[in-house]
1. Can you spot a residue in region 168-188 that is among the β-branched types (Val, Ile, Thr), touching a residue at least 60 places away in the same chain (Cβ under 8 Å) and in the same structural domain as residue 126 (by TED's automatic domain parsing)?
2. Could you grab me the full set of residues in region 99-127 that are in a loop (DSSP other than H, G, I, E, B) and within 15 Å of residue 149 (Cα to Cα)?
3. Can you work out which of the residues in region 123-141 that are touching a helix residue (DSSP H, G or I) at 6+ places or on another chain (Cβ under 9 Å) and either modelled with pLDDT under 95 or surrounded by fewer than 12 Cβ atoms within 10 Å (Cβ to Cβ) (or both) is nearest to residue 101 (Cα to Cα)?
4. How about region 52-72: which of its residues are at pLDDT 95 or above and of a type in the set (D, E, K, R)?
5. Search region 238-293 for residues being of a type in the set (D, E, K, R) and under 25 Å from the mean Cα position of the chain (by Cα), and hand back the single one that is surrounded by the most Cβ atoms within 10 Å (Cβ to Cβ).
6. Please work out which residue is farthest from residue 207 (Cα to Cα), limiting yourself to region 69-111 and to residues that are of a type in the set (Lys, Arg) and surrounded by fewer than 24 Cβ atoms within 10 Å (Cβ to Cβ).
7. How many residues does region 318-330 hold that are assigned to a loop (DSSP other than H, G, I, E, B) and hydroxyl-bearing (Ser, Thr, Tyr)?
8. Test residue 58 against the stated conditions and say whether it is surrounded by fewer than 23 Cβ atoms within 10 Å (Cβ to Cβ), part of a loop (DSSP other than H, G, I, E, B) and touching a strand residue (DSSP E or B) at 6+ places or on another chain (Cβ under 8 Å).
Amino acid sequence: MKKLALLLAGVLFAGPVTVLVAPALIANPAVLQAAACSVSSLTVVAEVPDELVATTRDGVQVVLNKTQLTHARTVIQIGASIDEVGREGVIIALMAGLTESRMRMLANTVYPESADYPNDGVGADHDSLGIFQMRPQAGWGTVAELMSVTYQAQAFYGGPNGPNYPSPRGLLDIPNWQQLTRGEVAQAVEVSAFPDRYANWEPVAEAILTALTVPSSGGGGDAPASGDIAPTTRIVVPMPEGSYVKTSPFGMREDPLQPGLFRMHYGTDFAAPDGTPILSMADGVVLWAGNRPGWNNILVIEHNISGAKVVTLYAHMWDHGYHVRTGDRVSAGQHVADVGTEGYSTGPHLHFEVHPGGWESPAVDPDVWLSEHGAEGVTDPSTSVRSCTR
């Protein structure tokens, strides 16, 4: 039996005023390289595994069978086919499906005919049907429609071309949904009496997406920069001049939260008030913007510095502290995030890493690298409109 045992804890650590874990301990870095504005940049696996083991945010281990994973693959495929859904939208849909039905197609005795359609059991929540527990009485669709995984996914994503447009609202019908937390968006679509349930399933949704997709291209190592990223020589300090104090340099140091324990610190810490702008070090493309098991909230950007691939990492932003999304093109000095103190942290600050050669390459001392490359200070951060790479 094929098993994908992805025991992902929802909240691990991201470094006390630092990130304390070597890059090699992060989940497959190729996944970072592959992420883009649309899930279409990832290829959905042809063969669904028999089983997936994952862990919820509150530490409960769950086992998903092949039928549940097949439904999840359909949800991913539908999301990949709709503009503007992207990776974030797919994860939200998976979170909702896991919360509402454990990703099962449920019939309901209120509609006896629902049992005539392929199903994974019978639910008993009002007149709710299917993976997302959508109700015919609320206008989501007919019994026949709602007993289809494809239809339910299309309805959940919604938008102008959704089968339920303009009401009930799908994900794309929620104003500024990208600015909300994943759980808030799921709740806005589902309108549940228990709005806080969705976040608990976030790490499981992440595990499913990782297990059921494969990168369309590789990444990392000492390869040259990606061909679609224009080379640049302009480098900037990742925070505005006068806004920060450097508090912890690259190298071995005593853990601020565990006195007596010495660990390698793979970046430089810039202490600053909560909400202070974080700037992109150079032109590039966002490889990851959001929560990453093992790190918590991070932002990863790939750059082409005079033809060489360089990856930078920014950590400890709050969920609401992102100004870009995975796949966005950014420019040097662009305001890409805000300082926070999310994760394993002693206070508001930016943890900043530099990885010449790509994500799989070792981190180097950011202060030395910035100095060697003539990094300039910025007083007026750019707020360029984000653009998607498809």
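1. If we filter region 168-188 for residues that are among the β-branched types (Val, Ile, Thr), which is where we start, we get 174, 181, 185.
So of that shortlist, the ones also touching a residue at least 60 places away in the same chain (Cβ under 8 Å) come out as 181, 185.
Restricting the remaining residues to those that are in the same structural domain as residue 126 (by TED's automatic domain parsing) gives 181, 185.
Checked against the condition, which is being among the β-branched types (Val, Ile, Thr), touching a residue at least 60 places away in the same chain (Cβ under 8 Å) and in the same structural domain as residue 126 (by TED's automatic domain parsing), region 168-188 yields at least one hit.
2. Kept after step one, since they are in a loop (DSSP other than H, G, I, E, B), are these residues of region 99-127: 102-106, 109-110, 117-121, 124-127.
If the condition is that a residue be in a loop (DSSP other than H, G, I, E, B) and within 15 Å of residue 149 (Cα to Cα), then 102, 103, 104, 105, 106, 117, 118, 119, 120, 121 are the ones that fit.
3. Within region 123-141, the subset touching a helix residue (DSSP H, G or I) at 6+ places or on another chain (Cβ under 9 Å) is 123, 125-136, 140-141.
Filter once more, so that each one left must be either modelled with pLDDT under 95 or surrounded by fewer than 12 Cβ atoms within 10 Å (Cβ to Cβ) (or both): 123, 125-127.
On the way: 123: 8, 125: 10, 126: 13, 127: 14 Å.
Here the residue is 123.
4. Listed by number, the list holds a single entry, 66.
5. Start the filter on region 238-293 by keeping residues that are of a type in the set (D, E, K, R), which leaves 241, 246, 253-255, 263, 269, 274, 283, 292.
Adding the requirement that they be under 25 Å from the mean Cα position of the chain (by Cα) leaves 269, 274, 283, 292.
Details: 269: 29, 274: 13, 283: 22, 292: 21.
Out of the qualifying residues, it is 269.
6. Initial filter on region 69-111 (of a type in the set (Lys, Arg)): 73, 87, 102, 104.
Retained after the next criterion (residues that are surrounded by fewer than 24 Cβ atoms within 10 Å (Cβ to Cβ)): 73, 102, 104.
On the way: 73: 12, 102: 14, 104: 17 Å.
For region 69-111, the residue satisfying everything is 104.
7. Initially, region 318-330 is screened for residues assigned to a loop (DSSP other than H, G, I, E, B), giving 318-321, 323-327.
Checking the rest, the ones that are also hydroxyl-bearing (Ser, Thr, Tyr) come to 326.
Counting residues in region 318-330 that are assigned to a loop (DSSP other than H, G, I, E, B) and hydroxyl-bearing (Ser, Thr, Tyr) gives 1.
8. Numbers: surrounded by fewer than 23 Cβ atoms within 10 Å (Cβ to Cβ): yes; part of a loop (DSSP other than H, G, I, E, B): yes; touching a strand residue (DSSP E or B) at 6+ places or on another chain (Cβ under 8 Å): no.
Taking the combined requirement at face value, the residue does not satisfy it.
The values are calculated or read from the model by the stated rules, or taken from the named source; none is laboratory data. Source: prediction; values computed, not measured. Methodologically, a virtual Cβ is constructed for each residue, glycine included, from the backbone with ideal geometry; neighbour enumeration extends over all protein chains shown.
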